[in-house]
Amino acid sequence: MKSPQTTSLNYIIRPFKKEDALLWQTWDIDPEIQSYMPEPKNEEEDISAQYEYIEECENDEGGYYWSIETKDGVTIGTVSLFEINSHHKIADLGIIIGDKEYWGMGVATEVVNTMKGYAFNILGIERINAEVEEGNLPMNKVFEKTGFEQDGVFKNARVKDGKRINVLHFGICK
Ligand SMILES: CC(C)(COP(=O)(O)OP(=O)(O)OC[C@H]1O[C@@H](n2cnc3c(N)ncnc32)[C@H](O)[C@@H]1OP(=O)(O)O)[C@@H](O)C(=O)NCCC(=O)NCCS
C-alpha cells in the first residue's frame, strides 16, 4: 500500500521517491551505517534492485515505508512500520538515519515518537515490536528515550565480524 505522507515536528515523513535509491546506494557502502544492520551490505546494490525494492514496499499490504526529509528538502533516512498483523494489532519498527551529519541530533528519537502516535492513533496498532543488536548503543538509547521496554534477548542470534552477538527485543504498548 502507498504510505501516506505525515510529519513530525521538524521532519517530513514521506513515501519513497525513485531518487532515494541513489542515496541508499551510498548508505549501502558506508561501514558505519551498515555495522548494526542484520545483513550488512557493504557493497552498492544495483539500482534496478533498489527500484524493485521500492515497488515491493509500495505493494506490501502489511507495511508502511517512508523517507525522512528535512523541511528544506534534504533526505536523511528511512523509517518503516512493517509486518503489520491486524488480528494481533502489532507492527515492527525499523529506522535508519543514513545522513551521518544528522546523527546525535535527536532525529531518530523524534521520528520514533511520531511513529508511535501514527501506529497507535491512525493505524489502530496496539503494540510495536523492534529488534536491535546489543552493541548498537545509539539505537538502544533511542528506544529508552521513547518509552520502549526491553522484553527479551535473542542470545547469540547473529554473526558479526566472526563473533556471535546478542539481539535485544524491545516493545511498547499503546
Ligand atoms: C541508530 C540511529 C537510528 C540513531 O539515530 P539518531 O538520530 O542519531 O538518534 P538520536 O540523536 O535521536 O539519539 C541517539 C542517542 O544515542 C546517544 N549515543 C550516540 N552514540 C552513543 C554511544 N556510542 N554510546 C551511548 N550513547 C550514544 C546520543 O548521544 C543520543 O542520546 P542523547 O540524545 O541522550 O544524547 C542512527 O545512528 C542510525 O541510523 N544508525 C545506522 C542504522 C541503524 O543502526 N539503525 C537501527 C537498526 S535497529
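Residue-wise HN-Hα couplings along segment 61-66, as the Karplus relation 6.51 cos²θ - 1.76 cosθ + 1.60 with θ = phi - 60° gives them from phi, are 6, x, x, 10, 9, 10 Hz; Gly and Pro carry x. Legend: calculated FRET efficiency, Glu19 to Lys155, from the Cβ-Cβ distance at R0 = 25 Å, rounded to 0.05, equals 0.05. Lys-Lys pairs in segment 6-126 that are eight or more residues apart or on separate chains and whose Cα atoms lie under 25 Å of each other come to 12.
Of the trypsin sites (Lys or Arg not before Pro) found in segment 1-66, those in coil by DSSP whose Cβ has at most 14 other Cβ atoms within 10 Å are Lys2, Lys17, Lys18.
In sequence order, segment 124-137 has phi-based couplings of x, 6, 10, 8, 10, 10, 7, 10, 8, 5, 4, x, 7, 4 Hz under the Karplus curve 6.51 cos²θ - 1.76 cosθ + 1.60, θ = phi - 60°, and Gly or Pro positions carry x. Just grab the label-to-label distance for Asn121 and Glu144, each label 7 Å out from Cα along the Cβ direction, in nm (one decimal). Between Asn121 and Glu144, the simple spin-label model gives 2.8 nm. Relative contact order of segment 6-126: 22 percent, from C-alpha pairs under 8 Å at least 6 residues apart in sequence.
Temperature 20 °C, viscosity 1.002 mPa s: under these conditions the Stokes-Einstein estimate for the chain, based on its Kirkwood radius over C-alpha pairs, is 129 µm² per second.
Taking amide H as placed 1.01 Å from N in the peptide plane, the amide H of Asp60 sits under 5 Å from none that are at least 5 places away or on another chain.
Every number here is computed from the coordinates shown, using simple stated rules; none is lab data. Quick caveat: nothing in here was measured; it's all calculated off a predicted structure. When we count neighbours, we look across all protein chains shown, and the Cβ atoms used for this are built from the backbone with ideal geometry, even at glycine.
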